[in-house]
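Enquirer: Can you read through this structure? Questions will come right after.
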Amino acid sequence: MKITPVKGTNDYLPNEVEIRDYLQNEILKVYVANGFEHITTPIIEDIENLDKSDGGENLNLIFKIMKRGDKLEKAVSSLQENPKTGTACENEIADMGLRYDLTLPLSRYFANNKDKLTLPMKCIQMDRVYRAERPQKGRLREFVQCDIDIIGSDSTDSEVELILTTTKALKAIGMKNFKVKINDRRLLRSFLQNCGFTEDQLDSVCITFDKMDKVGLDGVKAELTDKGFDAAAIEKFIGFFGSVSSAQEISLESVEAILDDKAPAESVRGIINTVNELSDGQFDVVFDLSLVRGQGYYTGTVFEVESIDFKGAIAGGGRYDNLIGKFLGQQVSAVGFSIGFERIFSILMQNGVETKASADKIAVMYDEGQVKEAYAIAEKYRA
């Protein structure tokens, strides 16, 4: 039998677990001190919930659990009579799956327990999630997310609170050099439609646009062209950026100027100004037109924390006002922020983590036949 863990998962030694526990406890302390309450949800969800969650490309990364017993036999028999391929085949023989994030389970949790909860609900989830990634550096199949969410408030004060609380938690564990990037899905979609892309093309365009910092403007143009989008729309889109090398060089005002609906831009501006004032300049908050976030369930503000020293996102989130409504049939405002714990852990391990000194370890030595006496002595020290 194999002694190594499945690719994309890790074993952790006692000293590593001690550090992981310390970091998660420090994050939890900050969350709790800011009025959030800890909840838990199962790692297993109904496959229908996962498939209908608007999770973007994550829907292709679900670990699916096969039906069992008679249900599996019936499903196999049905496929033999009416063959299917791909996802249709998988869904015929699977009825559950592992959660790919903590937001979908939270939405189901709220719908199931709403009569027992007080609004606005401020909750914490710190748990493992699973994605069928192709194993590579920085891509795990099992990883921990540290989430805070506010449900039942449509005020942008919630976004401000999440940003300030999350950045406070990051500082508490030694992450100091970072910036917060903000965009709004409504603003982005209006901008793309103004360029000439149609409603049904927006999600695909956003996926490409999200790669701008990695592939540059020329790379974005090439991919949009390969996807077969209208040449005039592509040219107008590319032309808007002029000679800039990054979408962060595009000002909020320049985008706002070409849009009829000013509300999303005003919302982003208000969040940036408030966070800047309350954070007292401890980190930069910038508008980034190319910030998309992969999940399709985001409906408004999206934000991300980027490490400046280690180049990459270490936290992200946004507003998802329609997801809970998939369970309840009515809209419920919700917004959340998630710290990517594994990347944080990796960065801090490379950098050297300073934890509070643990208690000295004491060993009670004894001869054969003296275990009772030794245990009694050990208990005194344990007390």
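None of the figures in this text is laboratory data; all of them are computed from the coordinates on show. The shown structure was predicted, so the numbers you read here are calculated from the model rather than taken from an experiment. For neighbour counting, all protein chains shown are included, and Cβ atoms are generated from backbone atoms with ideal geometry for every residue, glycine included.
Enquirer: Find the relative contact order for the chain and round it to a whole percent, using C-alpha pairs within less than 8 Å whose residues are 6+ positions apart.
Expert: Working: 556 pairs, mean separation 76.4, N = 383.
It rounds to 20 percent for the chain.
Enquirer: Okay, moving on. Run the simple label-point estimate for Asn276 and Leu117 please: 7 Å along Cα→C-beta, distance reported in nm.
Expert: According to this spin-label approximation, the distance is 3.4 nm.
Enquirer: Write down the Kirkwood hydrodynamic radius of segment 320-375, to one decimal in angstroms, obtained as one divided by the mean of 1/r over all alpha carbon pairs.
Expert: Details: mean 1/r = 0.0573 Å⁻¹.
By the Kirkwood definition, the hydrodynamic radius is 17.5 Å.
Enquirer: With N set to the residue count of segment 143-279, report its C-alpha Rg divided by 2.2 N^0.38 Å to two decimal places. Mind showing how you got there, number by number?
Expert: On the way: Rg = 17.1 Å, N = 137, 2.2 N^0.38 = 14.3 Å.
Ratio of Rg to 2.2 N^0.38 Å for segment 143-279: 1.20.
Enquirer: Please report the Cα spread of segment 1-147 along all three principal axes, rounded to whole Å, starting with the longest.
Expert: For segment 1-147, the Cα extents along the three principal axes come out at 58, 46, 28 Å.
Enquirer: Counting pairwise Cα distances across the chain, what percent come out greater than 31 angstrom?
Expert: Working: 33649 of 73153 pairs.
Above the 31 Å cut-off, the chain has 46 percent of its Cα pairs.
Enquirer: Return, for the Cα atoms of segment 279-383, the radius of gyration and Dmax in Å, separated by a comma.
Expert: Rg then Dmax for segment 279-383, in Å: 25.0, 73.
Enquirer: Another question, then. Hey, any idea what Rg/Rh is for segment 261-329, computing Rh the Kirkwood way over Cα pairs? Mind showing how you got there, number by number?
Expert: Numbers: Rg = 14.1 Å, Rh = 13.9 Å.
Result: Rg/Rh = 1.02.
Enquirer: On to the next question. Rg and Dmax in Å for segment 28-78, alpha carbons only: what are they?
Expert: 17.5, 55
Enquirer: Listing Leu252, Leu348 from the residue with the fewest other Cβ atoms within 10 Å to the one with the most, what is the order?
Expert: Numbers: Leu252 21, Leu348 18.
So the residues, fewest neighbours to most, are Leu348, Leu252.
Enquirer: Let me ask you something else. Extending each Cα 7 Å along its Cβ direction at Glu199 and Asn82, get the distance between those two points in nm, one decimal.
Expert: The two pseudo-label positions are separated by 3.1 nm.
Enquirer: Moving to a separate point now. Compute the length gained on full extension between Lys311 and Asp21: take 0.36 nm times their separation in residues and subtract their Cα-Cα distance, giving the result in nm to one decimal. If you can, show how the numbers build up before the last one.
Expert: Numbers: separation 290, 0.36 × 290 = 104.40 nm, distance 2.49 nm.
Extra length available between Lys311 and Asp21 comes to 101.9 nm.
Enquirer: Given a Förster distance of 25 angstrom, what is the FRET efficiency for Val32 paired with Val286, based on the Cβ-Cβ distance and rounded to 0.05?
Expert: Details: r = 29 Å, r/R0 = 1.17.
The computed FRET efficiency comes out at 0.30.
Enquirer: Between Glu92 and Asn60, take the C-beta separation as r, use R0 = 22 Å, and let me know the FRET efficiency to the nearest 0.05. Working shown, then result.
Expert: On the way: r = 17 Å, r/R0 = 0.79.
It comes out at approximately 0.80.
Enquirer: Can you give the relative contact order of segment 111-216 as a percent, counting alpha carbon pairs under 8 Å and 6+ residues apart?
Expert: Numbers: 60 pairs, mean separation 19.1, N = 106.
Answer for segment 111-216 is 18 percent.
Enquirer: Using R₀ = 45 Å, calculate the FRET efficiency as 1/(1 + (r/R₀)^6) where r is the Cβ-Cβ separation of Arg139 and Glu373; round to 0.05. Don't skip to the end; give the middle numbers.
Expert: On the way: r = 53 Å, r/R0 = 1.18.
Given R0 = 45 Å and the Cβ-Cβ separation, E is 0.25.
Enquirer: Would you pull out the residues with amide H under 5 Å of Gly312's amide H, same chain only if 5 or more places away, H placed 1.01 Å from N?
Expert: Residues meeting the criterion, in which the H sits 1.01 Å from N, are Ser307.
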